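K.L.:
If you scroll down you'll find the structure; I have some questions about it.
What follows is calculated from the coordinates using simple rules that are stated; it is not laboratory data. Because the structure is a prediction, the values reported are computed rather than measured. FYI the Cβ positions are ideal-geometry reconstructions off the backbone, even for glycines, and counts take in every protein chain you see.
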Amino acid sequence: MQVSAPLATRENRNGYFLVEVVWTPTELTVILQDSSGKRQDSVNTPPTFPPHSLQEWARRQALLPRVVYENTIAVYEAAVDQLQQLIKKIVDTNAINGFWDIQYEGNAIVSRKPKRETDIHPQIRLLLYDFEVLKNLQVIPEYPIGSGQLDFLISGHTAEGQIVNICLEFKLAHATDLAHGIAQQLPEYMARRATDFGIFGVLDFGEVYPANTSQFKIPSVDSKNKTLAFILPLAASETGLTYLRTLIFDLSRRPAPTD
């Protein structure tokens, strides 16, 4: 199966461009947006689901111990990969209740709202324990930097003994300081820790608590009504930091399967 979208003509190739590839069990889509506008192409595919054996193999590969990293990039990639595995694990097991404040009357839920960011950190710390041990990485929560506190500092060693520090900061998608977090807060933490590596994790609680994308100020881009997946890579690019990665944690409530 093949999909394609043309780049802008040479005379119009200026400013940002964004390419997004989306695969679902029944459709393959490529979306391209640049100074000439938005183009996309989709094709229907036969229903295709990864076999359980392949998913199990991928999980085992992700958990295999890796003690020695060849270079600084390998340490960074290992941390990003493990966080991506964590995102998938949360979705696969629908393990979202630990991120919500839920009040009951008997067996009935009477109130449900997102926890405060600081109350979520212990839940994230618990989920990070496995890759800390298996991947030979150290995770330090609430690391003091200057007058603030970085949510998590991840550290690893290269084969040559070089220490690699990665700044990991989380924000609620609906927080008023979401744009500030990636544009100023995390880059400042990275500068103070003297590291090139940062990860910006966004906790998305779904449509009831919509992402606060309107606060992003990106030249030539109207951020209103844009998705997090569209805005965040552009905001990361605006910082000028090569190794600042954005990850979205889907914590939204999912409808129960129907017959």
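K.L.:
Just for the Cα atoms in the chain, what are the lengths along the principal axes, largest first, rounded to whole Å?
P.N.:
Sorted from largest, the Cα extents of the chain read 52, 47, 41 Å.
K.L.:
Can you give me the long-range amide H partners of W100? Hydrogens built in the peptide plane at 1.01 Å from N, cutoff under 5 Å, separation of 5 or more residues or another chain.
P.N.:
The answer is K115.
K.L.:
May I ask for the net charge around I102, where only other residues with Cβ less than 9 Å from the Cβ of I102 are counted and Lys, Arg are +1 while Asp, Glu are -1?
P.N.:
+1
K.L.:
Cα-Cα pairs above 16 Å in the range 151-191: how many percent?
P.N.:
The calculated P(r) of the range 151-191 puts 46 percent of pairs beyond 16 Å.
K.L.:
Considering the convex hull of the alpha carbon atoms of the range 90-199, report its projected area averaged over all viewing directions, in nm², one decimal.
P.N.:
Details: hull surface 36.4 nm².
Averaging across all directions leaves 9.1 nm² for the Cα convex hull.
K.L.:
Calculate the spin-label point distance for T176 paired with Q162, positioning each point 7 Å from the Cα along the beta-carbon direction, and give it in nanometres.
P.N.:
4.2 nm
K.L.:
Also, I was wondering about something else. Size of the dipole of the chain about the Cα centre, Lys and Arg at +1 and Asp and Glu at -1 on the beta carbon, nothing else charged, in debye to 20? Don't jump to the answer; show the numbers that get you there.
P.N.:
Values: 24 positive and 29 negative charges, 35 e Å.
For this selection, approximately 160 debye.
K.L.:
Just to check I understand the Karplus step: with θ = phi - 60° and J = 6.51 cos²θ - 1.76 cosθ + 1.60, what whole-Hz values come out for the range 40-55, glycine and proline as x?
P.N.:
8, 9, 9, 9, 6, 10, x, x, 10, 10, x, x, 4, 4, 5, 4
K.L.:
Going toward the positive end of the dipole of the range 1-49, with +1 on Lys and Arg Cβ and -1 on Asp and Glu Cβ, which of V21, S36, A5 do you reach last?
P.N.:
Farthest towards the positive pole: S36.
K.L.:
Restricting to Cα pairs below 8 Å that are 6+ residues apart, what does the relative contact order work out to for the range 66-250? Please round to a whole percent.
P.N.:
19 percent
K.L.:
Further question on the same structure: May I ask you to compute the full-extension gain from E188 to E70, defined as 0.36 nm times their residue separation minus their alpha-carbon distance, rounded to one decimal in nm?
P.N.:
39.7 nm
K.L.:
Over all distinct alpha-carbon pairs, what is the Kirkwood Rh of the range 1-49 in angstrom?
P.N.:
The answer is 11.7 Å.
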